[in-house]
Amino acid sequence: MIKILKYTEYLYLVVAVLAAYKVVSLWGQGDESMPLFIGFAVVSIGMFFFRRNYRLKFEKRQKENKK
């Protein structure tokens, strides 16, 4: 299960990179959807750090329970 948690962390980073790419591509066009993609990028980065912290706590708890 820990492997799955690790992959979902990086999935959030992929979403953030794709959203950032979309923001850069829409930058000069004045498209109204640009703030939406900025939001996706910010939330995805936040979720990456949240999930990473959660996974590390989970791993620590599992190691303590095995001892």
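Can you find a residue in segment 46-59 that is out of contact with any Phe, Trp or Tyr (no Cβ under 8 Å at 6 or more places or on another chain), among the basic types (Lys, Arg), loosely packed, with under 13 Cβ neighbours inside 10 Å and not in a loop (DSSP other than H, G, I, E, B)?
yes
Output the residue which, of all residues in segment 11-28 that are aromatic (Phe, Trp, Tyr) and surrounded by 12 or more Cβ atoms within 10 Å (Cβ to Cβ), is nearest to Phe58 (Cα to Cα).
Here the answer is Tyr12.
Identify all residues within segment 17-45 that are part of a helix (DSSP H, G or I), among the polar types (S, T, N, Q) and either touching a helix residue (DSSP H, G or I) at 6+ places or on another chain (Cβ under 8 Å) or under 20 Å from Tyr7 (Cβ atoms) (or both); write none if there are none.
Answer for segment 17-45, where residues must be part of a helix (DSSP H, G or I), among the polar types (S, T, N, Q) and either touching a helix residue (DSSP H, G or I) at 6+ places or on another chain (Cβ under 8 Å) or under 20 Å from Tyr7 (Cβ atoms) (or both): just Ser44.
Among (1) free of Cβ contacts under 8 Å to residues at least 24 places away in the same chain; (2) acidic (Asp, Glu); (3) surrounded by 15 or more Cβ atoms within 10 Å (Cβ to Cβ), which single condition is Asp31 missing?
(3)
Every number in this text was worked out from the coordinates using simple rules, so none of it is lab data. Owing to the predicted nature of the structure, the values given are computational and were not obtained by experimental measurement. Cβ sites come from the backbone with ideal geometry, for glycine too, and all protein chains shown count toward neighbours.
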